[in-house]
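What follows is a set of notes on a single structure, which appears directly below.
Every number in this text was worked out from the coordinates using simple rules, so none of it is lab data. None of these values were measured; they are calculated from a predicted model. All Cβ positions, even for glycine, are placed from backbone atoms using ideal geometry, and neighbour counts span all protein chains on display.
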Amino acid sequence: MCGIIGYIGKKEAIPILINGLKRLEYRGYDSCGVCIHDNNLLKIIKAKGKIVDLEKRIKKENNLNSTIGIAHTRWATHGIPNEINAHPHFSEDNNLAIVHNGIIENYDTIKLLLQKEGYVFKTQTDSEVIAFLVNKFYKKSNNLKDAVLKALTQITGTYGLLVLSKDKREIIVARKGSPIIIGIGKNEFFVASDTSAILEYTKNVIYLDDFEIAKITDTNYEITSLKNQKINKEIHKIKTSLDQIEKSGYKHFMLKEIFEQPEKIKDALSGRIDFKNNRIVLGGICLTKEFFKNINKIVIVACGTSWHCALIGKFVLEKYLRISVEVDYASEFRYRNPIIDENSLVIAISQSGETADTLAAIKEAKEKKAKIFGIVNVVGSTIARTSDCGIYTRAGPEIGVASTKAFTNQLVSLWLLTLFIGQKLNKITEKETKEIINNLNNLPEKIKIVLNESKKIKEIASKFKNSKNFLYLGRGINYPIALEGALKLKEISYIHAEGYPAAEMKHGPIALIDKNMPSVFIINKNKNYDKIISNMQEIKARGGIIISIATKGDEQILKLSDHTIFVPKMDTQFTTFVNVIAMQLLAYYIADHKNCEIDKPRNLAKSVTVE
Ligand code: M6R
């Protein structure tokens with residue numbers, strides 16, 4: 001989704017802005033632009049497409065040197081992706097410019113009113129009205145912050161907003177529902193929608209909260225509420241290092257992130273298991289034993305890959321806690337008047353911690369007094385801060401749009417949470433705890449075994465780069481993995497893929513089977529094994545192609561399948577981890593054989609901050 005960076009200080013702004021935009025590329029965008037001070041005027045340069053195109057345009061300009069500026073990557077919502085609709089947007093007289101993330105819901109009403117007053121709009125965007133509205137007030141007061149405050153009272157919707165005027169060395173920043181951080185450097189300040197944009201310049205940041213506005217000058221920053229009351233904010237230190245957001249020799253971030261999983265799982269477990277006493281130690285849990293005792297139901301809300309993790313969470317939590325677990329798409333949850341109350345636990349899972357649908361679901365749950373537990377990757381993100389308590393997944397920055405390591409670490413976090421609640425309620429035996437801990441600890445080594453199969457998976461993938469459709473089939477706890485495998489493939493290779501419970505295939509999807517249709521079966525040795533074999537036979541009998549993800553040493557599968565990827569033998573409940581790695585690699589290599597833009601697939605955004 002859209003990305004924002006701003007700079008004010010003593011250095012050349014353009015290189016910092018361009019560099020920041022490049023760091024934000026992973027979020028997904030279709031156009032970009034910068035605005036700087038230029039000889040008492042504002043200069044805006046924009047481009048449809050990539051930041052390299054913007055750079056080329058900037059190079060053509062002579063003598064651009066400014067030490068203040070704002071910049072933006074746009075992911076189109078209102079108006080097609082083109083240069084005109086790209087941000088920054090000027091006010092009607094070019095005296096000020098804005099960059100905006102989010103959606104102005106009442107933009108057409110404001111636009112109409114302004115048009116009646118004679119204003120002429122140039123873009124199809126919702127954002128342009130902000131520039132016009134702020135400028136209307138600015139012309140009267142010559143106070144930029146006041147003008148922004150006034151304009152915001154008329155705006156409905158969400159915003160991460162930066163405003164720059166031609167005649168003041170200050171950037172006005174405001175936030176509602178779209179993340180904004182202020183980076184504090186030495187005699188310089190940065191503003192961004194994401195820490196990765198400013199990480200190489202400063203690690204000291206302030207997270208702006210909703211309904212807060214900041215005025216940043218060369219020497220100072222001042223944060224107030226929308227009622228202009230001063231707010232003192234804590235300065236946080238970002239722990240992420242620069243090499244964590246670089247490719248480190250891998251062809252794509254996605255591949256790097258797939259291969260990072262053994263280490264990231266170790267990070268997720270580190271310090272959270274008291275081996276001596278066989279107990280789970282989780283920091284951020286503020287919920288009482290009394291609350292856990294009285295839980296009437298658990299609801300997990302999430303989107304996309306995080307939702308697939310939630311489906312697995314249902315298996316795990318219900319099995320050990322014997323508490324009913326519902327899993328909802330976050331986007332659906334709030335509209336169905338969910339039956340929850342103060343005794344319900346709502347678990348929100350999100351990599352980015354900024355997904356608008358998940359945030360809206362949390363809001364709904366909070367209104368109904370449920371307790372919110374966040375399982376979040378990005379430290380300091382809005383969901384992390386909005387939840388009553390939670391745990392960080394510790395997967396590190398995930399740059400590839402297709403989620404991989406964040407998913408496996410979400411799963412680990414769900415296991416830890418299950419153990420934690422299970423121990424609090426004495427629902428998990430000593431023996432079960434030991435077995436689970438043992439399985440969790442063995443994950444990195446087991447995953448490495450699958451990663452070592454990557455050459456073979458790459459070879460199998462080469463045979464499917466021209467396929468148009470795929471079926472992914474799994475049962476029980478591996479059904480969500482089938483969904484995840486299908487999602488990964490469609491996201492990065494643009495091949496249509498559907499995930500189904502294997503037995504459900506005969507109730508419809510079987511009609512699709514012919515000699516061109518590959519079906520990926522997840523078939524580990526467990527109680528469903530024979531049933532899945534029958535499903536495979538049904539496909540074989542209709543001439544379909546079978547790719548199996550099976551347990552090492554399973555000779556029967558070799559005979560039934562056209563291609564087999566072996567994963568190590570494990571307790572069924574933990575096969576999800578190794579199976580998903582095979583799925584990730586298969587999707588990755590198919591997309592790579594097709595020369596797809598794997599880290600930044602078309603139309604997708606890393607963090608979906610609009611509902
Ligand atoms: O940041 P979140 O986990 O809340 O994001 C949810 C989905 O948008 C996300 O998982 C999406 O489906 C990924 N691109 C999947 O690879």
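Sorting the segments 252-261, 400-409 by their residues' average number of neighbouring beta-carbon atoms within 10 angstrom, most packed first, yields 400-409, 252-261. The base-10 log of I(q)/I(0) for the chain, evaluated at q = 0.07 Å⁻¹, reads -0.46 [Debye formula, identical scatterers on Cα atoms, solvent excluded].
Cysteine residues of the chain whose C-beta has no other cysteine C-beta under 4.7 angstrom: Cys2, Cys32, Cys35, Cys303, Cys309, Cys596.
Summarise the long-distance tail of P(r) for the range 149-299 by giving the % of C-alpha pairs beyond 21 Å. That tail contains 63 percent of the Cα-Cα pairs.
Based only on Cα atoms, what mean projected area does the convex hull of the range 555-602 have, in nm²? Mind showing how you got there, number by number?
Details: hull surface 19.0 nm².
Across all orientations, the range 555-602 yields a mean hull projection of 4.8 nm².
Looking at the square roots a ≥ b ≥ c of the eigenvalues of the Cα gyration tensor of the range 28-145, which shape do they give, rounded for a/c under 1.5, prolate if a/b is larger than b/c, or oblate? Oblate.
Put simply, the convex hull of the Cα atoms in the range 177-240 casts, on average, a shadow of 4.3 nm². Each principal axis of the range 222-362 carries a Cα extent, and these read 51, 48, 35 Å when sorted largest first.
Rounded, prolate or oblate: which one fits the range 3-238, using the alpha carbon gyration tensor with axes a ≥ b ≥ c (rounded when a/c is under 1.5, else prolate when a/b beats b/c, else oblate)? Rounded, since a/c falls under 1.5.
Shape verdict for the range 454-593, please, from the Cα gyration tensor: rounded (a/c under 1.5), prolate (a/b greater than b/c) or oblate. Judged from the Cα gyration tensor, the range 454-593 comes out rounded (a/c under 1.5). Highest average first, the peptides 111-124, 589-602, 345-358, 69-82 ordered by how many other beta carbon atoms sit within 10 Å of their residues are 345-358, 69-82, 589-602, 111-124.
Working value for the range 247-450: equivalent-ellipsoid semi-axes of 26, 22, 13 Å, each the square root of 5 times a Cα gyration tensor eigenvalue, largest first. For the range 490-545, count all C-alpha to C-alpha pairs, find those more than 19 Å apart, and express that count as a whole percent of the total. Tail of the P(r) past 19 Å holds 29 percent of the pairs. From the residues Tyr529, Gly508, Phe566, which one has its Cα farthest along the dipole of the range 454-593 in the positive direction, the dipole being from +1 and -1 charges on Cβ of Lys/Arg and Asp/Glu about the Cα centre? Farthest towards the positive end: Phe566.
Plugging the Kirkwood radius over Cα pairs into Stokes-Einstein for the range 130-184, at a temperature of 25 °C and a viscosity of 0.890 mPa s, what D comes out in µm²/s?
211
Ranking Gly3, Ala147, Gly177 by Cα position along the charge dipole of the chain, where only Lys, Arg, Asp and Glu carry charges on their C-beta atoms, puts Gly3 farthest toward the positive end. Across the range 66-83, computed HN-Hα scalar couplings (Karplus, 6.51 cos²θ - 1.76 cosθ + 1.60, θ = phi - 60°) run 8, 10, 8, x, 10, 8, 7, 10, 9, 10, 4, 10, 10, x, 5, x, 8, 5 Hz from first to last residue, x flagging Gly and Pro. Dipole orientation for the chain: of the candidates Ile245, Ile231, Gln423, Gln423 has the Cα lying most toward the positive pole (charges on Cβ; Lys, Arg +1; Asp, Glu -1).
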